[in-house]
Amino acid sequence: RHNHMLTTDPRHQFGQASETRAEQFLIAKGYRILGRNVRLSIGELDLVADDQGVVVFVEVKGRSTEAFGGALSAVDRRKRAKLSKLAAQYLAQRHWSDKLCRFDVVLVQGQPSAQEQIEHIPNAFDVTES
């Protein structure tokens, strides 16, 4: 019953907990989760979901204490460019280049027990062709 995927690094554990919470949150909203921590040659996608036929690439941001509202600053231009490349690679691998897709950001703030807040920003940014 050993889970080799679990890590003892608290920051990584917090990140995984945030992703789990984000995943549950999206499932409750009716999304279908297609993948989590999807590894591609140039990096990793936190979550990939299906929202009524639209492929949603979700960037999960965990915040233990910091003030709210830093959602979009957390995904800067460089990160957006990388996400769009990751998304293109993901879609190409599945021959889904004709599918609609968008980018969401989910902010998970606070510990799961305490007053946890989840902020979901659909269509957080547009993919600009680099």
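Report the accessible area of Asp9, computed with a 1.4 Å probe over the heavy atoms of all protein chains in place, in Å² rounded to the nearest 10.
That residue has around 80 Å² of solvent-accessible surface.
How much length, in nm to one decimal, is gained on full extension between Gln93 and Ile33, taken as 0.36 nm per residue of separation minus their Cα-Cα distance?
19.9 nm
Can you sort Asp98, Asp51 by solvent-accessible area, 1.4 Å probe, largest first?
Asp98, Asp51
For Phe103, what accessible surface area do you get with a 1.4 Å probe? Give it in Å², rounded to 10.
10 Å²
The values are calculated or read from the model by the stated rules, or taken from the named source; none is laboratory data. Just so you know, these numbers come straight off a predicted model, no measurement behind them. Side chains are part of the model used for accessible areas, which takes the heavy atoms of the whole protein and leaves out ligands, DNA and RNA. Shrake-Rupley method; radii C 1.70, N 1.55, O 1.52, S 1.80 Å.
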